[in-house]
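Just so it is clear, none of the values below were taken in a lab; they were calculated from the coordinates. What you see is a predicted model, and the numbers here were worked out from it, not measured in a lab. Note that each Cβ is placed from the backbone with ideal geometry, even for glycine, and that neighbours are counted across all protein chains shown.
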Amino acid sequence: MASLIPPALKAALNELRRVRSLKPTEGDWATYADWRDQMAVVLDSLAANLLHETDQQQARAEAEAAREQARAIRARHPT
C-alpha cells in the first residue's frame, strides 16, 4: 500500500524526530540553546510542508518560541 504522506512532509517529520532525539541536558546551556535553534529550523521546514494553514501557523509559532528560548538562554549566560 502506498504511503498517503507526501515525501517532503515525511522527510520533514523524520528530520524533526532526528533533531528532537538529540536534545541535550539543559545544564549545558550553550548546547541547549544551539539545539533550540536547530529545532526552530526544523519546525520552519515542517511548516513549509504541512497541508493545513493552522498546522503551518502552529509550527511557525513553535519555531519562533524555540528561537526566543535560545535568545533568552544566551542572554542569561553572556560569554
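Normalising by residue count, the chain has a Cα convex hull of 79 Å³ per residue. In a DSSP loop and with at most 13 other Cβ atoms within 10 Å, the GluC sites (Glu not before Pro) in the chain are Glu26. Sparsely packed loop sites in the chain (the trypsin sites (Lys or Arg not before Pro) outside DSSP H, G, I, E and B with at most 10 other Cβ atoms within 10 Å) do not occur.
Summing Cβ point charges (Lys, Arg +1; Asp, Glu -1) relative to the Cα centre of the chain gives a dipole of roughly 180 debye.
Rounded to whole numbers, the Karplus 3J(HN,Hα) couplings from phi for segment 27-39 are x, 8, 4, 5, 5, 5, 5, 4, 5, 4, 5, 4, 4 Hz, using 6.51 cos²θ - 1.76 cosθ + 1.60 with θ = phi - 60°, and x at Gly and Pro.
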